[in-house]
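Asks: Pasting a structure here, questions to come.
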Amino acid sequence: MRVWATAHAVDDFYQGLVPAAVPYFVLERHFSYVEASGLALAATLGSALPQIPIGLLADRHRLRWMSPLGISLAGAGAGLSGLAPSYPLVFALLLLAGVGIAMFHPPAGRDARRAAGGSATAMSYFAAGGSVGFFVGPALVTPALDNLGIGATALFVPPAVLMGFVLLRHHTRTAGATTAKILSQGRDQPKRFAALTAVEVVRSTISTGLNTFISLYWISHLGATSGLGGVALTLELGGGVLGTLIGGRLADRIGMVRTVQIGNAAMLPALWAMLACDSVYGALPLALLVGLVSNIPFAVLIKLGQDYLPSRPGTAAGVTLGLAVSAGGLFMPLLGLVAGRHGPRGALVVLAVLPVAAMATSIALREPSRRPEPARAGPAEPP
């Protein structure tokens, strides 16, 4: 799990880089709020659209080169975006970064599941690796861009190339290992997986919106500096690391579905409490709280999705880690229009209502069936 958690952290560092860099594109390149939200859309389109076909391929073939190449592309696209001289080129590079992220998640989620066994706590370590990457992204990117400007994103290309090499070596060392059997037994439950995907899409909209607009909210509405706006984003993402780990342990104690429902319900008061506080410093702990409670279901939904589709762990990981998680970016242009009229606070007010939809859709979830699949009639297999 250490290898996969570290690789997940490096990969998702570049997802954290994008929201951290957005305010600097606005301040230095004078992009509008709609254009800024379009950058989130670019990364989303690249990471969301290929997830299902890549997941299907990962369930049929090992594709050992895909995760290393995906990490390298994610770093190259996101890192070089700050050097691009025009908006279309920035958009294209972030699109490329999204494709790299899409190439990593399904095969990595499949192999991490095999390493984690049946434990939600173990799977939370892998998921928390991604949350750590999101957290470290703004923590490193914000001071670099504050001091060196938007072009400093290029400093973050080498870690992706290095991690891609490490992961390729790891695959080479384990190439002779026998492919593990799927650990979760039972039938595929596509209807429940569809309900879980609906929950993920709503949560993704909230998460992507927070990551895109929370820094701008601190800067525009609360009158903070760009550095303090980066601190708010860092705290929100740091809370996500804690929430992910708490959620895994909670699921092993009280059940996965109940944990998801508790996390969805807790988002509502946390978001409104943050919006009710007009203190630039007093609201910072509330940003941490928002990140914590909103990520309690994160790792649990990944494992629950793979338990709903036990015969297709790569596809399930592609949807829960990639498609559903990034699908919220598709709604960012609408939030950008709201922010253009009412400021970043208006966009966050819209997001503060969405936990109601997450609570409603999570009612359809059930603990996965563990019954073995009955034998199918047909000719006997040859010896």
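The values are calculated or read from the model by the stated rules, or taken from the named source; none is laboratory data. In this text, all values refer to a predicted model and were calculated from it rather than measured experimentally. As a convention, Cβ positions derive from the backbone with ideal geometry for all residues, glycine included, and neighbour counts pool all protein chains shown. Heads up: the accessible areas ignore ligands, DNA and RNA and are worked out on the full protein's heavy atoms, side chains in. Shrake-Rupley method; radii C 1.70, N 1.55, O 1.52, S 1.80 Å.
Asks: Of [x] 78, 46, 35; [y] 69, 50, 38; [z] 72, 41, 30, which is the value of Cα extents along the principal axes in Å derived from the coordinates here?
Replies: [z]
Asks: Grab the other residues whose beta carbon is less than 14 angstrom from that of Gly151, score K and R as +1, D and E as -1, and report the net. Write down the numbers at each step before the final one.
Replies: Values: positive: Arg29; negative: Glu28, Asp146.
Result for the neighbourhood of Gly151: -1.
Asks: Shifting gears a bit: Counting only heavy atoms of protein chains, what accessible area per residue, in Å², does the stretch 245-336 have with a probe of 1.4 Å?
Replies: Details: 3010 Å² over 92 residues.
In whole numbers, the stretch 245-336 has 33 Å² accessible per residue.
Asks: A follow-up question, please. In square angstrom, rounded to the nearest 10, how much accessible surface does Glu35 have for a 1.4 Å probe?
Replies: 70
Asks: Taking Cα pairs under 8 Å and at least six residues apart, what relative contact order does the stretch 229-340 come out at, in percent?
Replies: 34
Asks: Within the stretch 1-40, name every residue whose backbone N is under 12 Å away from a label modeled 7 Å from Cα of Leu148 along the Cβ vector.
Replies: none
Asks: Which whole DSSP H helices in the chain pass both tests: a Cα extent of 24 Å or more along the axis and a mean Kyte-Doolittle value no lower than -1.0? Don't jump to the answer; show the numbers that get you there.
Replies: Numbers: long enough: 2-29 (38 Å, 0.33); 87-116 (42 Å, 0.82); 120-148 (41 Å, 1.00); 157-173 (25 Å, 0.64); 190-220 (43 Å, 0.59); 226-254 (41 Å, 0.89); 256-276 (31 Å, 1.14).
Passing helices, by number: 2-29, 87-116, 120-148, 157-173, 190-220, 226-254, 256-276.
Asks: Going through the stretch 242-304, which chymotrypsin sites (Phe, Trp or Tyr not before Pro) have at most 15 other Cβ atoms within 10 Å and a DSSP loop state? Could you put the intermediate results ahead of the total?
Replies: Working: sites: Trp272, Tyr281, Phe298; in loops: Tyr281.
Passing both the DSSP loop test and the Cβ count: Tyr281.
Asks: Let me ask something else. Per residue, how much accessible surface does the stretch 1-98 expose to a 1.4 Å probe? Answer in Å², no decimals.
Replies: 37
Asks: Considering only the other residues whose Cβ falls under 13 Å of the Cβ of Val90, what net charge follows from Lys and Arg at +1 and Asp and Glu at -1?
Replies: Once positives and negatives cancel, what remains is -1.
Asks: Also, quick follow-up: Quick query: amide H of Leu309 versus all other amide H atoms, modeled in the peptide plane; which residues come in under 5 Å with a sequence gap of 5 or more or a different chain?
Replies: Gln189
Asks: Could you look at the stretch 121-261 and say what percent of its accessible area is carbon and sulfur, using a 1.4 Å probe and all protein chains?
Replies: Values: 3730 of 5810 Å².
Carbon and sulfur: 64 percent of the exposed surface of the stretch 121-261.
Asks: Go ahead and run the numbers for FRET between Arg249 and His30, Cβ-Cβ distance against an R0 of 56 Å, rounding to 0.05. Walk me through the numbers before you get to the answer.
Replies: Numbers: r = 46 Å, r/R0 = 0.82.
My answer for the efficiency is 0.75.
Asks: So, by mean Cβ neighbours within 10 angstrom, what's the order for 348-357, 249-258 with the highest one leading?
Replies: 348-357, 249-258
Asks: Please report the relative contact order for the chain, taking Cα pairs under 8 Å with a sequence separation of at least 6, and give it as a percent rounded to a whole number. Mind showing how you got there, number by number?
Replies: On the way: 765 pairs, mean separation 104.6, N = 383.
That works out to 27 percent.
Asks: I need the chymotrypsin sites (Phe, Trp or Tyr not before Pro) found in the stretch 76-152, filtered to DSSP loop residues with at most 15 other beta carbons within 10 Å of theirs. Don't skip to the answer; put the middle values down first.
Replies: Working: sites: Phe91, Phe104, Tyr125, Phe126, Phe134, Phe135; in loops: none.
Answer by residue number: there is no such site.
Asks: Next question. Can you classify the stretch 88-154 as rounded, prolate or oblate using the Cα gyration tensor, where a ≥ b ≥ c are the square roots of its eigenvalues, rounded means a/c under 1.5, and otherwise it's prolate if a/b beats b/c and oblate if not? Numbers along the way, then the final one.
Replies: Working: a/c = 5.07, a/b = 1.77, b/c = 2.86.
Oblate is the answer for the stretch 88-154, as a/c is 1.5 or above yet b/c matches or exceeds a/b.
Asks: Report Trp65's accessible area, 1.4 Å probe, all protein chains in place, as a number in Å² to the nearest 10.
Replies: Near enough 130 Å² of accessible area.
Asks: Can you give the accessible area of Ser72 in Å² (nearest 10), computed on protein heavy atoms with a 1.4 Å probe?
Replies: Number for this one is 30 Å².
Asks: Still on this model: Please give the peptides 147-155, 17-25 ranked by average Cβ packing (other Cβ atoms within 10 Å per residue), highest first, as a rough proxy for protection.
Replies: On the way: 147-155: 16.4, 17-25: 25.7.
Most protected by this proxy first, the peptides run 17-25, 147-155.
Asks: Okay, moving on. Compute the Cα gyration tensor for the stretch 22-79, then decide on rounded, prolate or oblate, letting a ≥ b ≥ c be the square roots of its eigenvalues: rounded whenever a/c is under 1.5, prolate when a/b is larger than b/c in the other cases, and oblate in all that remain.
Replies: oblate
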